[in-house]
Amino acid sequence: MKEFIPILKRTQLFSGVGEEEIGAMLNCLQAKLCIYIKGEYVLRQGEHLDKILVLVGGKLHIQRDDYWGNRSIINMISVGEMFGEAYVAPESGTLMNDVLAVEDSAVIFFDVKRIITVCSAACRFHSIVVQNLFFAISEKNRKLVQKLTFMSKRTTREKLIAYLSEEAKRHNSNEFCIPFNRQQLADFLSVDRSAMSNELCKMRDEGLICFEKNRFGLL
């Protein structure tokens with residue numbers, strides 16, 4: 001697990017904590033490394049969770065399938081991101097979504113009780129991690145509100161414009177790459193893939209956008 005300490009240092013959860021201190025805290029926080037191959041489920045709907053997870057390699061999708069197999073991508077997890085924190089409270093209930101490895105991935109599990117309770121050894125940086133956890137949860141809530149903004153749009157075009165506009169702002173450029181292929185983007189925006197592809201072509205023909213695979217430009 002030591003090879004992932006430099007990655008953990010760059011995460012929001014361990015911001016401001018040195019590599020040596022992180023190494024010393026891993027045992028205190030009962031950290032456990034798990035490896036998943038592409039297509040394997042990290043978490044499944046209906047499971048109980050008492051851990052906070054950090055992705056240290058690969059890529060994950062938080063997704064949900066309905067009874068007929070229609071899939072919605074709730075979020076994408078990139079290296080360094082934390083997830084699972086919404087379900088660790090005692091009365092949170094079971095998981096509402098699946099977490100799927102879309103690439104070979106490595107995940108570290110942390111005991112949430114060990115994180116929020118300062119250990120008897122009184123680690124110098126433990127309070128910083130607790131503070132970082134609060135800020136990370138706040139940032140996740142902001143992203144959820146952002147996605148709700150996309151989803152509140154009535155038409156496929158309005159959803160695309162809202163999403164692509166936000167990506168341009170995030171990249172500080174009118175040219176950028178998105179982290180989804182066409183099917184994944186349709187699942188993320190909860191629209192029909194064919195209808196979305198047709199709308200993208202119309203927007204291109206009208207001179208609003210240009211695109212090639214997952215690279216887009218706003219004109």
Can you give me the Kirkwood hydrodynamic radius for the chain, using every pair of distinct Cα atoms, in Å to one decimal?
19.0 Å
May I ask for the distance between the Cα centers of the range 75-89 and the range 168-184, given as a whole number of Å?
21 Å
Over the range 153-218, what is the relative contact order in whole percent, taking alpha-carbon pairs under 8 Å and six or more residues apart?
38 percent
For N75, the residues 5 or more places away or on another chain with a placed amide H closer than 5 Å to its own amide H are I62
How large is the dipole of the range 47-102 about the Cα centre if only Lys and Arg carry +1 and Asp and Glu carry -1, each at its Cβ, rounded to the nearest 20 debye?
220 debye
Between the range 101-118 and the range 31-66, the alpha-carbon center distance in angstrom
10 Å
Considering the range 153-218, what Rg and Dmax in Å follow from its alpha-carbon atoms?
10.8, 29
Residue range of the chain that is longest and free of chymotrypsin sites (Phe, Trp or Tyr not before Pro) which are both DSSP loop and sparsely packed (at most 10 other C-beta within 10 Å)
69-219
Given charges at beta-carbon only (K, R positive; D, E negative), |dipole| of the chain in Debye:
320 debye
Report the relative contact order of the range 60-164, percent, no decimals, based on alpha-carbon pairs under 8 angstrom and at least 6 residues apart.
20 percent
Placing +1 at every Lys and Arg Cβ and -1 at every Asp and Glu Cβ, with all other atoms neutral, what dipole size does the range 114-219 have around its Cα centre, in debye to the nearest 20?
360 debye
Output for the range 1-81: trypsin sites (Lys or Arg not before Pro) sitting in coil per DSSP, at most 12 other Cβ within 10 Å, listed by number, reads R10, K38, R44
Loop only by DSSP, 10 or fewer other Cβ within 10 Å of the Cβ. Give me the GluC sites (Glu not before Pro) in the range 154-219 that pass, ordered by residue number.
E206
If I take every Cα pair under 8 Å that is 6 or more residues apart in the chain, average their sequence separation and divide by the length, what percent do I get for the relative contact order?
21 percent
What is the sum of charges around V191, taking Lys and Arg as +1, Asp and Glu as -1, for the other residues whose C-beta is under 13 Å from the C-beta of V191?
+3
Computed ³J(HN,Hα) along the range 27-35: with the Karplus parameters 6.51/-1.76/1.60, θ = phi - 60°, integer Hz and x for glycine or proline, the list is 5, 4, 8, 6, 5, 9, 8, 10, 10
Calc'd 3J(HN,Hα), the range 99-111, phi into Karplus 6.51 cos²θ - 1.76 cosθ + 1.60 (θ = phi - 60°), Hz, glycine/Pro = x, comes to 10, 10, 7, 9, 9, 4, 9, 10, 10, 10, 9, 10, 5
Neighbour counts of other C-beta atoms within 10 Å: give me H48, H126 arranged from fewest to most.
H48, H126
Over the chain: helical MRE at 222 nm, DSSP H runs n ≥ 4 each giving -39500 (n - 2.57), nearest 500
-11500 deg cm²/dmol
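Each reported figure results from applying straightforward, stated rules to the coordinates on display, with no laboratory input. Since the structure is predicted, the reported quantities are computational estimates derived from the model, not experimental observations. Neighbour counts are summed over all protein chains in view; Cβ atoms, including those assigned to glycine, are modelled from backbone coordinates with ideal geometry.
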